[in-house]
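Accompanying notes for the structure given below.
Read the figures in this text as sums done on the coordinates, not as results from a lab. Not measured: the values here are computed from a predicted model. Heads up, the Cβs are rebuilt from the backbone with ideal geometry, glycines too, and the neighbour counts pull from every protein chain shown.
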Amino acid sequence: MLAARESYLAAFCAAPPRLADAALAWLETIRPPQWALEWSLPFWLGESFHLPSEVTRRLVLSNVVGLAYIRLQDVLADGEALPIQPALAPLLSSLLYQRWMQEYIDLFGGERRFWACFNQYLAEWLAATTTSNDMPEPSFRGYGSDDFLGLAHRGAPLKVCVAGACLLAGREDLLPTLADAIDHLLVGAVLLDHAQDWSDDLAAGRYNTFVAYASPLPQTPEHREANERWVQQEICLHKAGRPYFRVARDHLQIARKRAKPANCPDLDRYLAWLDGQAAARRERLASSAAALLNDAVHRLFGPTISTDVEQPDSRKGGFSND
């Protein structure tokens, strides 16, 4: 990661000083551990496929620059605050995209198979980003495979380095199953992020799947308070999101199965770790809800009364009990 950071800085040292400073400031917003997968995946694949170290280094740099570009577009699309001067954002965006393209041109030239994948994954990202805050037609409990793919495709550019590594290693046969594994990984990761960020998303007017799981109401400003009550009731009085986390873990387990033919131990370890995080996050949510309820009951009735957070859920839904 240190080598990737140094390569990134070297890539922008010739830019005008204000843009070079903005590129450095922006890099600080996409550093691990939050973005560890994006920094590490091309290295893991390069090691597993025995690519030359210089080729692997270029793949990592390409992915980091691509992440910087995609993340900047996502922040602009969501209207989030920027750590750089807003007037510099369009210029930095152009600079990042130009550098991203140059890295891949140097690696692949006119290789049509690579650019076909690149165009497909960028098209998936554009479609998902354009509609990311729209209320989906089905409720979360009625999600089908296309709806879950819509969640994954906010991270579709991550698959570009997968296509690159497979083609450079002469393992194009692994690309479909590895790309599918990344899609399922991203579904699980998005569901976990939404479970953690539901309150912030609700306040900011961003669509959130955990809110959609807990509440049948549209996620519009007039329903904000009611949606918050639905989520709190789910956490404290119903299943504390257990079926929701089961869906996330199912996708992560599918990802592990799909990724196995690639024989990439680091990717498998990451998926196992993320699955463990899903289980732990669900347990923390249930434990905090139980502690909150017990405290409230003790205040009202004294310390001899206890509560059970796993109350029967009378609502109808598409999830089975975990």
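Some points to look at:
- Ellipticity estimate at 222 nm from DSSP helix runs (n ≥ 4, -39,500 (n - 2.57)) divided over the chain, nearest 500: -23500 deg cm²/dmol
- The range 129-258, Cα convex hull volume normalised per residue, Å³: 102 Å³
- Principal semi-axes of the equivalent ellipsoid, √(5λ) from the alpha carbon gyration tensor of the chain, are 39, 23, 18 Å from largest down.
- Restricting the calculation to Cα atoms, every distinct pair contributes to the Kirkwood radius of the range 1-109, found to be 14.2 Å.
- Neighbours of Cys166 by Cβ distance under 11 Å: Lys/Arg scored +1, Asp/Glu scored -1, total +1.
- Options His223, Trp44, Ala116, ranked by Cα towards positive dipole end of the chain, top entry (Cβ charges): Trp44
- Rounded FRET efficiency, nearest 0.05, which uses the C-beta distance separating Leu149 from Asn263 and R0 of 35 Å: 0.85
- Based on C-alpha pairs under 8 angstrom that are at least 6 apart in sequence, the chain has a relative contact order of 16 percent.
- Computed from the Cβ-Cβ distance with R0 of 25 Å, the FRET efficiency linking Ala81 to Asp134 stands at 0.65.
- FRET efficiency, 1/(1 + (r/R0)^6) with R0 30 Å, evaluated for Asp106 and Leu2 via beta carbons: 0.85
- Sum of side-chain charges, Pro32 neighbourhood, beta-carbon under 12 Å (Lys, Arg +1; Asp, Glu -1): 0
- Here's the list of aspartates and glutamates a cross-link from Lys239 could span, going by alpha-carbon distance under 14 Å and ignoring same-chain residues fewer than 8 apart: Glu283, Asp308, Glu310, Asp313, Asp322.
- The modelled label-to-label distance between Gln34 and Arg229, using points 7 Å beyond Cα along the C-beta direction, is 3.3 nm.
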